[in-house]
1. Determine the sum of side-chain charges near Gly135: Lys and Arg each +1, Asp and Glu each -1, restricted to other residues whose C-beta is under 14 angstrom from that of Gly135.
2. Show me, for segment 176-189, the HN-Hα J-couplings you get by feeding each phi into the Karplus relation (A = 6.51, B = -1.76, C = 1.60, θ = phi - 60°), rounded to Hz, glycine and proline as x.
3. For Asn166, which sequence-distant residues (separation of 5 or more, or a different chain) have an amide H within less than 5 Å of its own amide H, given hydrogens modelled in the peptide plane?
4. Please name whichever of Ala174, Tyr112, Thr129 sits farthest to the positive end of the charge dipole of segment 112-199, dipole taken about the Cα centre and charges placed at Cβ: Lys and Arg +1, Asp and Glu -1.
5. I'd like the Kirkwood hydrodynamic radius of segment 88-200, using the inverse of the mean 1/r over distinct C-alpha pairs, in Å.
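Please treat every number below as a calculation from the coordinates, not as lab data. None of these values were measured; they are calculated from a predicted model. Ideal geometry is used to build each Cβ from the backbone, glycine not excepted, and the neighbour counts take in all protein chains shown.
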Amino acid sequence: MTTRRPLVLVSGSLSELPQGDTVVGANPSLLPNPSGLLLEGSKLGIDGVALVSGQAAQTTANTALSSGNAALSVGVAALASGTAALSSGNAALSLGTTALASGNAALAAFSYNYTLSSGNRTIATRERTTVLTSGVIITLPASVTTGAEVAVGNASGITTTVVSGNGARIMQLAENMTIDVANVNVSLVYVNATLGWRIY
């Protein structure tokens, strides 16, 4: 009777169990040099060392997967935070642009500057006029609406500048106003027909 050794899988090829290796018990284990997969009868088995090694590899892979998932979660959170920061930055930029537009509008409030050196003058809304000579009459705009604004200034030594309401009241009075203080600037804003032009 011929004794045959169990078939084992070595480097992808089936061969008999190498000399010095033995199969012990119902669950095969190999000593002293485990060979991994082995075939005993009609059953394919794994030696103990190979199984432990495989389980360790699986644990390592699971740990790596868990670590990768954690890193992915952190990356997603960081992306969300960055997106929120970008959104906040865009909102701040929008506010800044609005403020700039508002500031530019305020800067352009008095778009006309005029220096009056002689004669009388009817000024326009948003006009600033500086009077350099005595006896000048400044006539305010006609057909004005609420919010209309002008500015009249006296130069050094001038105390006789007359401001005419051009049909509208000035400080609720239906009469002309004289700017009798030198080096003073007067801003007037039209409120309504009753109050007329108000000094600010």
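1. It works out to a net charge of 0.
2. 6, 10, 10, 8, 9, 10, 6, 6, 10, 10, 10, 9, 10, 10
3. Amide H to amide H, under 5 Å and 5 or more residues apart or across chains, Asn166 pairs with Leu140.
4. Working it through, the farthest residue towards the positive pole turns out to be Tyr112.
5. Kirkwood radius, segment 88-200: 15.2 Å.
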